[in-house]
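Q: The structure that follows is given in the form of structure tokens.
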Amino acid sequence: MPERAKILLVDDREENLIALEAILSSLDLVPVRARSGEEALKALLNTEFALILLDVRMPGMDGFETAAHIKRRERTRNIPIIFLTVVDSAPDYAFRGYAAGAVDYLTKPFDPWVLRAKVSVFTELYNMNKRLAEQASLLRDRLSGELPPGAGDQASVLPELSRRLTAVEDELARVRELARKSQDPALAVPLSDLAERVTRLRAGFDALS
């Protein structure tokens with residue numbers, strides 16, 4: 001079974017973390033808590049996350065500073081960040097959030113359905129990228145003439161690669177439709193990047209076939 005995607009929840013208040021976990025409990029993911037920016041950066045050292053839900057107002061290292069550290073690291077710079085803050089925050093908070101590298105910005109109290117929908121789509125994108133990387137690895141092995149152990153000859157490998165790639169393309173179409181219905185502009189760039197990777201992989205496979 002594939003490993004479930006992990007979501008990093010960063011908030012200095014226990015009740016907020018409990019609320020986030022409750023909202024996301026119906027999704028097939030693993031929430032990981034961090035009570036400060038420093039704790040979040042430590043968690044990111046050894047664990048791969050699909051998404052970060054980051055509170056802006058925290059004592060010590062606030063959300064903006066935490067995001068800046070995340071985006072400076074090669075290993076973590078591409079992890080999507082959704083900022084969370086109270087509705088009476090300064091008007092420039094949203095601008096600062098996007099400038100810090102956030103893909104989205106939600107104010108508290110937020111609609112649980114909206115947050116759950118956004119997290120669900122970003123998790124789907126993460127899982128698709130993981131599967132796409134696996135298919136690309138198989139294709140590279142075939143191109144270099146190194147068949148996986150027990151894979152057999154080319155006649156048996158190519159149909160399996162084609163089946164897996166077609167499944168990724170079908171899932172991409174489904175996620176695109178979900179994004180279209182949600183009308184969420186934050187999904188445009190990651191979806192475009194993923195579609196380009198799928199197109200390149202298909203072109204490589206067609207050349208091999």
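The values are calculated or read from the model by the stated rules, or taken from the named source; none is laboratory data. Keep in mind that this is a model prediction, so the values were computed, not measured. A quick note on method: Cβ atoms are made from the backbone with ideal geometry, for glycine too, and the neighbour counts reach across all protein chains shown. Ligands, DNA and RNA are excluded from the accessible area calculation, which covers all protein heavy atoms including side chains. Shrake-Rupley method; radii C 1.70, N 1.55, O 1.52, S 1.80 Å.
Q: Probe radius 1.4 Å, ligands and nucleic acids left out: which of Val114, Val121 has the largest accessible area, and how do the rest follow? Walk me through the numbers before you get to the answer.
A: On the way: Val114 50, Val121 15 Å².
Output order, biggest surface exposure first: Val114, Val121.
Q: Let me ask something else. List every residue whose amide H lies under 5 Å from the amide H of Lys6, counting only residues 5 or more places away in sequence or on a different chain, with H placed 1.01 Å from N in the peptide plane.
A: Val30, Ala50
Q: Taking just the C-alpha trace of the stretch 1-45, give me its Rg and Dmax in Å.
A: Cα-based Rg and Dmax for the stretch 1-45 come out at 11.1, 34 Å.
Q: So who's got an amide H within less than 5 Å of the one on Met61, skipping anything under 5 residues away but keeping other chains? H placed 1.01 Å off N, in plane.
A: Gly37, Glu38
Q: Not counting ligands, DNA or RNA, and with a 1.4 Å probe, what is Asp170's accessible surface area in Å² rounded to the nearest 10?
A: Rounded to the nearest 10, the figure is 100 Å².
Q: From largest accessible area down, sort Glu177, Glu124, Glu48; use a 1.4 Å probe on the protein chains.
A: Glu48, Glu177, Glu124
Q: Show Ser26, Ser36 ordered by accessible area, largest first, where the area counts protein heavy atoms only and the probe is 1.4 Å.
A: Ser26, Ser36
Q: Using a 7 Å offset from the Cα along the Cα-to-Cβ direction at both Glu38 and Val114, what is the distance between the two label points in nm, to one decimal?
A: 3.4 nm
Q: Starting from the Cα of Ala68, step 7 Å toward the Cβ, then list every residue of the stretch 29-50 with an amide N under 15 Å from that point.
A: Those under the cut-off are 37-38.
Q: Which lysines does Lys130 reach when only Cα atoms under 26 Å apart count, and residues fewer than 8 places away in its own chain are ignored?
A: In chain and number order, the partners are Lys6, Lys42, Lys71, Lys118, Lys181.
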